[in-house]
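The values are calculated or read from the model by the stated rules, or taken from the named source; none is laboratory data. Values in this document were obtained by computation on a predicted structure and should not be read as measured data. Because the Cβ atoms are built from the backbone with ideal geometry, glycine has one as well, and the counts that use them run over all protein chains shown.
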Amino acid sequence: MENIAPVLDNLIAYDAQSASGLSQQAEATLALAKAALVAQMEQDCAAGVLHEERIAELMGRGPGLYAVGQLVLAPVLQVFSESAHPNEVSR
């Protein structure tokens, strides 16, 4: 799993040449994170549970980290898990 660190670093890499200061990969990661939060807020709104405290949780605490992690990090971790155990059959 130590080989995952450079991959994760690339997800948030700095690029002094870009207008935002982010690399293309970091821009894509940010877009995915935004999409994850929007999707969760839409679900919460439809369920009638989107309120000020919930928005704060999504923007800076565990629930938001979980939503972003599911969309951004879960696929990366899946690939590394599969490459670490190539002979196992995924379910």
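I'd like to verify a number: residues in the stretch 15-30 that are out of contact with any Asp or Glu (no Cβ under 8 Å at 6 or more places or on another chain) and surrounded by 11 or more Cβ atoms within 10 Å (Cβ to Cβ), how many?
The total comes to 6.
Within the stretch 46-59, can you find the residues that are loosely packed, with under 13 Cβ neighbours inside 10 Å and either assigned to a helix (DSSP H, G or I) or under 13 Å from the mean Cα position of the chain (by Cα) (or both)?
Hits for the stretch 46-59 are Ala46, Glu52, Glu53, Ala56, Met59.
Taking the criterion of being aliphatic (A, V, I, L, M), at pLDDT below 85, surrounded by 13 or more Cβ atoms within 10 Å (Cβ to Cβ) and assigned to a helix (DSSP H, G or I), would at least one residue in the stretch 76-88 satisfy it?
For the stretch 76-88, residues aliphatic (A, V, I, L, M), at pLDDT below 85, surrounded by 13 or more Cβ atoms within 10 Å (Cβ to Cβ) and assigned to a helix (DSSP H, G or I): present.
Residue-by-condition table, conditions (1) closer than 18 Å to Ile4 by Cβ; (2) in contact with a Leu (Cβ under 9 Å, 6 or more places away or on another chain); (3) in contact (Cβ under 8 Å) with a residue 12 or more places away in the chain; (4) not β-branched (Val, Ile, Thr):
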| site | (1), (2), (3), (4) |
| --- | --- |
| Val38 | no, no, no, no |
| Gln43 | no, yes, no, yes |
| Ala46 | no, no, no, yes |
| Glu52 | no, no, no, yes |
| Leu58 | no, yes, yes, yes |
| Gly62 | no, no, no, yes |
| Tyr66 | no, no, no, yes |
| Ser81 | yes, no, no, yes |
